[in-house]
Every structure is written in C-alpha cells, then in structure tokens.
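Working notes for the structure below.
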Amino acid sequence: MFWERFRSSVVIVIVTVAALVIGRELLFGICAVISLIGLSELFKTVDTHKKLPGIFGYIAGAGYMALVFFDYDQKYALPYIIGYLMVLMAVYVFAFPKYNSEQITMTFLGLIYVCIMLSFIYKTRMLDNGIYIVWLIFVGSWISDTCAYCTGMLIGKHKLPSKVSPKKSIEGCVGGVVGAALIGALYAVIAESHLDAISSPVIAFAVIGACSSVISQIGDLAASAIKRNKGIKDYGKLIP
C-alpha cells in the first residue's frame, strides 16, 4: 500500500510541477478536469451525479471555469452563482418530491466548494509573479500535511476534540502550521529576488503558510466529515 501511494504521489507531483511551470492552457485544463471529477465525487455522496441536479451542476462548473479562463469571473461571479441557485431551486420545486433538500444543497455547494475554490490555483498562477506565489498553495497543503503527520507520529499525545478523525492530534495540527510557516519563510528567502512587489516577503510568506495550513486542515476534516456522514471510505478510486 505504501509503495502504491508513493508511486501515485510521484506522478501527481510531476504533473503538478509541469502544469504550474507551463501555466496558462495546460494548468487551466487540468484544473477544469479536476473540478469536474471533484463534482462527480461530491455528487455521488448524495446520488445526484447522473440526475438532473447533477447535470446542471456539471454545466455550472464548466461555465464558471470558462468565466475564469476569459477573466470574467470577478464581474459575473455573484449573479452566476445566484442564477445557478435559482435553477436548482426550480428543479427542486417542479420535480418535488423527487429530490430532497440535502441533494439540492450539496449540489449547489459543489460549485463553490470544488470549482470556485480550485480555480484559485489557476488565478494565482496568472498573477504578476504568480509563478513564484502559486507554490504557497502547496506549501499550505502538501507540506503542512507532511509536517502534521510526522509531528503527530513523533510527539502526538493529545487527541483533537473533534470526533471526525480520532487519530489526529493537537501536536500534529500545530506541527503542520509551524512547518508550513517555516517552509513558507524559507521559500521566500530563496525566491526573494523575484518578489520585489511584496514588502517583507519572508514574514508575508510565513503568515500565508501558517494560515493556509489552518485552512487546509479544516478542509481535510470537513471532507472527512462528509464521508463519515455518508458512511463511505473513499470519494473515488482514481488515485490509489
């Protein structure tokens, strides 16, 4: 199992690095595909992935990614989201009682939880100096996760008060935050010559690393909570 996961991780890292370095169409295409896969996995938890709400969800996800690519999302994002909500509400009302409120709510959440949040990888990469800034997203997720795991294994004694993930410890969570902050600061030192537009990049990147670690860990626990609610072990089998 370890080596299977290790091989998967190596492939993912190679593809991610290549996409982030090349950027533009390649990165956008990968983000768009992952968004649709993520929607499918989320919709399966409430059984809408092959039904009318899910179909509108896929269309809305693809449409939003198009807005991002053509740089229209800032202008039209809010009316687009409201329009999508109204479409789902109409499906809910006119097909009643075929779909329940949880199915409609989770299908609506998919656009924000998956597509909009994932699109920030592409949007960050397209900023000025984005090729240097975008790596902070992965410092806050991958590095944080690694540091949290190692810290928890070595010195973790106090379990989290949350019942979502009983094996996670407070020490591990703190280790993830501290580790992400330190790696963020170290990265700023290495890339400082390319970050002229950012004042005090070492401090800024340390803070961003710490904050993104907190966000990443909450996101990880939230995804686990959905699985626990639905009694499923894995969202999908695509990645071992």
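Taking max minus min of the alpha-carbon positions on each principal axis, the stretch 68-204 gives extents of 56, 42, 17 Å, largest first.
How large, in percent, is the carbon and sulfur part of the accessible surface of the stretch 156-240 at a probe radius of 1.4 Å? The partial results should precede the final answer.
Working: 3600 of 5270 Å².
Answer for the stretch 156-240: carbon and sulfur cover 68 percent of the accessible area.
Within the stretch 179-219, all pairs of alpha-carbon atoms sorted by distance into 10 Å bins from zero give the percentages 35, 47, 16, 1. Listed by chain and number, the aspartates and glutamates whose C-alpha is less than 13 Å from the C-alpha of LYS159, apart from same-chain residues fewer than 8 away, are GLU171.
One quarter of the convex hull surface built on the alpha carbon atoms of the stretch 123-202 amounts to 6.3 nm², the projected area averaged over directions.
Roughly how many Å² is the accessible area per residue of the chain, as a whole number, for a 1.4 Å probe?
Details: 14160 Å² over 240 residues.
Counting only protein heavy atoms, the per-residue value for the chain is 59 Å².
Distance from the Cα centroid of the stretch 202-233 to that of the stretch 1-53 is 17 Å (rounded to whole angstrom). Each listed q (0.09, 0.13, 0.14, 0.15 Å⁻¹) maps to a log10 I(q)/I(0) for the chain, found by the Debye formula over equal Cα scatterers with no solvent: -0.45, -0.94, -1.07, -1.19. Taking the C-alpha atoms only, the angle from helix 101-110 to the longest principal axis of the chain is near 40 degrees. Restricting the trypsin sites (Lys or Arg not before Pro) of the stretch 1-102 to loop positions (DSSP other than H, G, I, E, B) with no more than 13 neighbouring Cβ atoms within 10 Å leaves LYS50, LYS98.
In the chain, the longest principal axis of the Cα atoms and the axis of helix 170-191 are about 70 degrees apart. Helix 144-155 and the longest principal axis of the Cα set of the chain meet at an angle near 60°.
Put simply, the amide H of LYS159, placed in the peptide plane, has neighbours under 5 Å in ILE170, leaving out anything fewer than 5 places away on its chain.
The values are calculated or read from the model by the stated rules, or taken from the named source; none is laboratory data. Just so we're clear, the structure is a prediction, and the values are computed from it rather than from any experiment. Cβ coordinates were reconstructed from backbone atoms using ideal geometry, including for glycine residues, and neighbour counts include every protein chain displayed. Note: areas computed on protein heavy atoms with side chains; ligands, DNA, RNA excluded. Shrake-Rupley method; radii C 1.70, N 1.55, O 1.52, S 1.80 Å.
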